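Before anything else, here's the structure in question.
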Amino acid sequence: MKWSALRVYAVIYLAFLYAPIILLPLFAFNDASIIAFPLAGFSTRWFEQLWTTQALHQALRNSLFIATLTAIFATLLGTCAARAGTMPNFPGKRGLLGFVMLPLVLPEIVIAVALLVVVRQVLDLSLSNWTVIAAHTVIAVPFSIAILNGAFQNLDPSFEEAAMDLGETRWGAFRLVTLPLVVPGIISSLLICFIISLDDFVVAQFLTGSNPTMPVYIYGLTRFVDALPLIMALGTVLVTISVTLLVIAEYFRRRGVARAGLKDTGGFL
Amino acid sequence: MTALIQLRGIHKHYGDYHALRGIDLEIRQGEFFSLLGPSGCGKTTLLRTIAGFEQPSSGSLMIDGKDMAAVPPNHRPTNMVFQSYAIFPHLTVAQNVGFGLRRDPMPKDQRAKAVVEALDMVGLGGYGNRAAHALSGGQRQRVALARALILKPKVLLLDEPLSALDKKLRENMQVELIRLQRNVGITFILVTHDQEEALVMSDRIAVMFEGEIGQMADPETLYRRPNSRRVAEFIGKMNLLPGSVGMEGNRIVVDVAGLGRGAVEADQAPGGVAPGQTTVGIRPETLSILFAGETTDRRVAEGVVDEVVYYGDMTYYDVRIPGVDRPLTISMKNLIGRPVLDVGTATKVAWDERSLVVLSR
């Protein structure tokens with residue numbers, strides 16, 4: 001094997017990306033409360049401690065609740081927008097869709113502060129899981145649209161017309177033909193939006209009520225040095241879940257492409 | 001007998017674009033009717049208007065005596081075979097074919113029987129359980145046909161149904177479609193840009209240009225007696241020669257550049273006679289080359305072979321005739337003993353007054 005400069009570059013690049021993540025399980029299973037080499041021996045006590053920390057469980061429940069509802073709302077809105085994007089003639093389509101996609105490039109901190117002002121000062125609501133869900137939906141919708149746009153744009157516009165020609169109503173055509181063909185995209189969108197919400201710290205930090213989400217809780221833990229191995233264990237669990245969900249999402253996206261009999265032109269993995 | 005489909009003054013505007021400019025059309029029950037024209041002539045828009053996917057800006061559409069203005073596509077007695085076939089990829093062949101029967105209250109086994117019959121009709125017996133996305137182009141087209149015909153529509157609309165198939169398969173399907181149409185007795189409306197396809201398959205053809213019907217006639221009339229230059233040029237190959245036309249008594253007399261003067265009948269000027277400068281058309285197969293030793297009592301012009309294109313069964317010669325700036329194209333059957341001439345050969349061209357067409361427009 002030849003070690004060309006490009007090959008060396010690629011290896012360093014990958015190491016930089018993944019080495020920190022490899023450290024997570026390493027110290028999560030390490031029998032010491034200090035994060036340092038040499039390793040002290042194998043232990044699952046940090047995982048056991050995870051199991052018994054009530055505050056952590058509450059944060060997890062919060063995060064899962066928020067992520068689930070965010071995924072559903074964002075995908076619902078994303079489906080509507082992506083469907084509208086396939087309509088050949090509705091005025092101002094490009095501008096509108098571009099506008100909807102804007103949160104993708106806005107700094108999260110801007111969205112977080114703006115939403116905080118709206119919720120507290122304008123609407124005078126108290127912060128709760130629902131304010132986080134609303135904010136996460138705003139952030140996740142553009143991702144949902146990006147995923148579903150692909151699914152919808154791949155569809156032959158004649159499909160719905162053919163269904164209508166064969167006696168179905170507009171809704172019937174959508175339900176019987178379009179929807180089954182974009183289901184893989186919808187599942188993929190649900191999973192991605194779920195992960196985005198689960199993973200978000202900035203917005204949740206600003207908008208969370210008395211019950212912190214998981215990332216906010218973890219950030220709080222970092223102030224205690226002896227809680228670090230616990231975070232490592234938690235991180236290990238989260239990475240495993242995230243990777244699994246991403247793989248499932250990609251599987252469904254690819255299956256959708258294959259189902260529609262098309263060539264694969266992109267995706268996340 | 002009243003027409004099955006009646007279109008009156010159909011106009012369609014897309015913003016500034018005038019896609020259909022006053023279409024008047026009557027299509028009879030059981031007819032194989034074609035809308036023929038170059039891309040962008042409005043033929044597909046017209047078909048989609050009949051199907052109900054486009055609303056005309058003005059004008060009326062009647063099918064079987066009923067005004068269709070307020071009738072959505074799912075309630076029209078029409079079914080369509082789409083250019084892409086639009087076979088639902090997530091369903092099986094049988095589910096695709098039976099799709100339109102979903103809302104029919106017929107019992108399940110009767111529906112299954114109808115699907116089997118429809119598949120048999122298009123030569124896909126036994127394909128019911130196949131996944132639709134695994135079919136070839138020709139098979140998709142048959143599924144699309146079965147799916148539309150199973151509903152026994154009054155009119156079957158076909159949007160360029162053969163354009164995605166290769167030449168051999170296309171020619172086979174043309175013959176099959178004609179046979180199918182005769183068997184089911186349903187009115188077919190075909191949209192195509194392929195003049196040969198239209199000539200082969202249709203009872204009548206409407207040739208469309210820029211949102212208007214240029215000529216509407218049966219294939220033979222359309223080919224032999226086109227009413228304008230653009231129809232003549234669009235259908236088949238036509239030599240167009242400059243000339244002049246005038247009346248002598250009640251005879252129409254033309255003077256064709258390079259060929260000479262001759263009298264023609266009224267039917268040879270289907271677009272009317274405008275005395276003065278005109279264009280005269282003559283089909284390549286109505287001209288013939290006199291090979292060595294052949295004689296004729298037809299009119300003869302002298303020329304030189306300019307180009308030879310050999311097709312196997314036919315040879316196309318371009319022959320340059322003094323006084324004509326464009327060479328005449330002549331098609332000759334390659335009969336036994338008949339040589340293929342070389343470029344530069346001096347030759348005689350035989351022609352008849354009866355095969356001239358005066359194209360004033």
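The values are calculated or read from the model by the stated rules, or taken from the named source; none is laboratory data. All of these numbers come straight from a predicted model, not from anything done at the bench. Backbone-built Cβ (ideal geometry, glycine too); neighbour counts: all protein chains shown.
Of the residues A:V182, A:V141, A:V177, which is surrounded by 23 or more Cβ atoms within 10 Å (Cβ to Cβ), closer than 16 Å to A:G85 by Cβ and within 14 Å of chain B (Cβ to nearest Cβ)?
Every option except A:V182 fails the conditions.
B:G128 - would you say it is over 32 Å from the mean Cα position of the chain (by Cα), more than 9 Å from chain A (Cβ to nearest Cβ) and in a loop (DSSP other than H, G, I, E, B)?
Considered against the rule, which asks whether it is over 32 Å from the mean Cα position of the chain (by Cα), more than 9 Å from chain A (Cβ to nearest Cβ) and in a loop (DSSP other than H, G, I, E, B), B:G128 comes out as yes.
Tell me the residue from B:S39, B:S60 that is more than 13 Å from chain A (Cβ to nearest Cβ), touching a strand residue (DSSP E or B) at 6+ places or on another chain (Cβ under 6 Å) and not acidic (D, E), please.
Result: B:S60 is the single residue among B:S39, B:S60 that is more than 13 Å from chain A (Cβ to nearest Cβ), touching a strand residue (DSSP E or B) at 6+ places or on another chain (Cβ under 6 Å) and not acidic (D, E).
How many residues does the range B:290-331 contain that are assigned to a loop (DSSP other than H, G, I, E, B) and under 33 Å from the mean Cα position of the chain (by Cα)?
Here the count works out to 9.
Exactly one condition in (1) in a loop (DSSP other than H, G, I, E, B); (2) of a type in the set (A, V, I, L, M); (3) over 16 Å from B:K154 (Cα atoms); (4) more than 11 Å from chain A (Cβ to nearest Cβ) is not met by B:A114; state its number.
Tallying (1) in a loop (DSSP other than H, G, I, E, B); (2) of a type in the set (A, V, I, L, M); (3) over 16 Å from B:K154 (Cα atoms); (4) more than 11 Å from chain A (Cβ to nearest Cβ), B:A114 fails exactly one: (1).
Give the residue that is farthest from the other protein chains (Cβ to nearest Cβ), with candidates limited to residues of the range A:160-174 that are surrounded by fewer than 20 Cβ atoms within 10 Å (Cβ to Cβ) and touching a helix residue (DSSP H, G or I) at 6+ places or on another chain (Cβ under 9 Å).
It comes out as A:F174.
Please list, ordered by first then second residue, the pairs with beta carbon atoms under 8 Å, 6 or more apart or interchain, first in the range B:1-25 and at pLDDT below 90, second part of a loop (DSSP other than H, G, I, E, B) and exposed (fewer than 13 other Cβ atoms within 10 Å of the Cβ).
Close Cβ pairs satisfying both conditions: B:T2/B:G65.
How about the range B:193-275: which helices (runs of 4 or more DSSP H) wholly inside it have at least 2 residues that are touching a helix residue (DSSP H, G or I) at 6+ places or on another chain (Cβ under 6 Å)?
Correct list: B:195-201.
Can you tell me which residue within the range A:197-209, out of those that are in a helix (DSSP H, G or I) and surrounded by fewer than 20 Cβ atoms within 10 Å (Cβ to Cβ), is farthest from the other protein chains (Cβ to nearest Cβ)?
A:Q205
Can you work out which of the residues in the range B:228-275 that are among the aliphatic types (A, V, I, L, M), in contact (Cβ under 8 Å) with a residue 60 or more places away in the chain and loosely packed, with under 15 Cβ neighbours inside 10 Å is nearest to B:Y316 (Cα to Cα)?
Ranking the candidates gives B:A263 first.
(1) closer than 26 Å to A:F47 by Cα; (2) without any contact (Cβ under 8 Å) to a residue 12 or more places away in the chain: which one isn't true of A:I231, the others all being true?
Of (1) closer than 26 Å to A:F47 by Cα; (2) without any contact (Cβ under 8 Å) to a residue 12 or more places away in the chain, only one is false for A:I231: (2).
Condition check: of a type in the set (A, V, I, L, M, F, W, C), in contact with a Gly (Cβ under 6 Å, 6 or more places away or on another chain) and surrounded by 21 or more Cβ atoms within 10 Å (Cβ to Cβ). Does B:V93 satisfy that?
So B:V93 passes the test.
Here is a further query. Looking at the range B:273-306, which of its residues are closer than 19 Å to B:G236 by Cα and not hydroxyl-bearing (S, T, Y)?
Result: B:V280, B:G281, B:I282, B:R283, B:P284, B:E285, B:L287.
Just a yes or no: is a residue in the range B:66-75 assigned to a loop (DSSP other than H, G, I, E, B), within 14 Å of another protein chain (Cβ to nearest Cβ), out of contact with any Cys (no Cβ under 9 Å at 6 or more places or on another chain) and within 30 Å of A:A258 (Cα to Cα)?
Taking every residue of the range B:66-75 in turn, none turns out to be assigned to a loop (DSSP other than H, G, I, E, B), within 14 Å of another protein chain (Cβ to nearest Cβ), out of contact with any Cys (no Cβ under 9 Å at 6 or more places or on another chain) and within 30 Å of A:A258 (Cα to Cα).
Are any residues in the range B:45-57 more than 10 Å from chain A (Cβ to nearest Cβ) and assigned to a helix (DSSP H, G or I), and if so, which ones?
The answer is B:T45, B:L46, B:L47, B:T49, B:I50.
Name the single residue that is nearest to B:H18 (Cα to Cα) among those in the range B:76-107 being facing chain A (nearest Cβ under 8 Å) and in a helix (DSSP H, G or I).
Selected residue: B:G100.
Hey, another quick one. Mind listing whichever residues of the range A:236-269 are modelled with pLDDT under 75 and within 14 Å of chain B (Cβ to nearest Cβ)?
Hits for the range A:236-269 are A:G256, A:V257, A:A258, A:R259, A:A260, A:G261, A:L262, A:K263.
For the range B:131-142, what are the residues that are within 11 Å of another protein chain (Cβ to nearest Cβ) and either assigned to a helix (DSSP H, G or I) or under 21 Å from B:F188 (Cα atoms) (or both)?
Within the range B:131-142, B:A132, B:H133, B:A134, B:R140 qualify.
B:L36 - would you say it is at pLDDT 90 or above, over 19 Å from the mean Cα position of the chain (by Cα), closer than 19 Å to B:T187 by Cα and surrounded by 15 or more Cβ atoms within 10 Å (Cβ to Cβ)?
no
If the Cβ limit is 6 Å and pairs must be 6+ apart or interchain, which residue in the range B:332-361 that is assigned by TED's automatic domain parsing to the domain that holds B:R283 pairs with which residue that is of a type in the set (D, E)?
B:K348/B:E302
Sticking with this one: Can you find a residue that is touching a residue at least 24 places away in the same chain (Cβ under 8 Å), surrounded by 12 or more Cβ atoms within 10 Å (Cβ to Cβ), farther than 30 Å from A:F152 by Cβ and touching a Leu at 6+ places or on another chain (Cβ under 7 Å) anywhere in the range A:70-87?
Scanning the range A:70-87 turns up no residue that is touching a residue at least 24 places away in the same chain (Cβ under 8 Å), surrounded by 12 or more Cβ atoms within 10 Å (Cβ to Cβ), farther than 30 Å from A:F152 by Cβ and touching a Leu at 6+ places or on another chain (Cβ under 7 Å).
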